[in-house]
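The next block holds one structure in the form of structure tokens; read it before the comments.
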Amino acid sequence: MNELQALAAFGSLSQETRLRIVRLLVKAGPDGMAAGAVGEAMGASSSKTSFHLSHLERAGLIRSRREARSIIYSAAYPALSGLIEFLMKDCCQGRCDPAGNACAETCEA
């Protein structure tokens, strides 16, 4: 992930409803959720939900696919992992492996 992609992702996640949607879709797993179910879970109208889902999809944090008459949204796990990696790539001047959870021990030593 490059800096421009990270900025778009962070900008998208800086809004409460969108952050909640991403967390919901991460919990839903690879099968995802129908747009209506996302809206219901968020307590938002379909137009407001659609706006937020579109914003997250443009930022590359979620994906959509059509199944019959429904649009199913799911978390874009590679993009979310890339965002975490972007944040942590310079952790402790490269002395740790954030994916292996070794950062805290290395940086505190």
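For the pair Ala8 and Met88, the difference between a 0.36 nm per residue extended length and the Cα-Cα distance amounts to 27.1 nm. Sequence-ordered 3J(HN,Hα) estimates for segment 38-44 from the Karplus curve with 6.51, -1.76 and 1.60 and θ = phi - 60° stand at 5, x, 4, 5, 8, x, 10 Hz, glycine and proline given as x.
Values quoted throughout were computed directly from the atomic coordinates according to the rules given, and no laboratory measurement underlies them. Remember, predicted model here, so these are calculated numbers, not experimental data.
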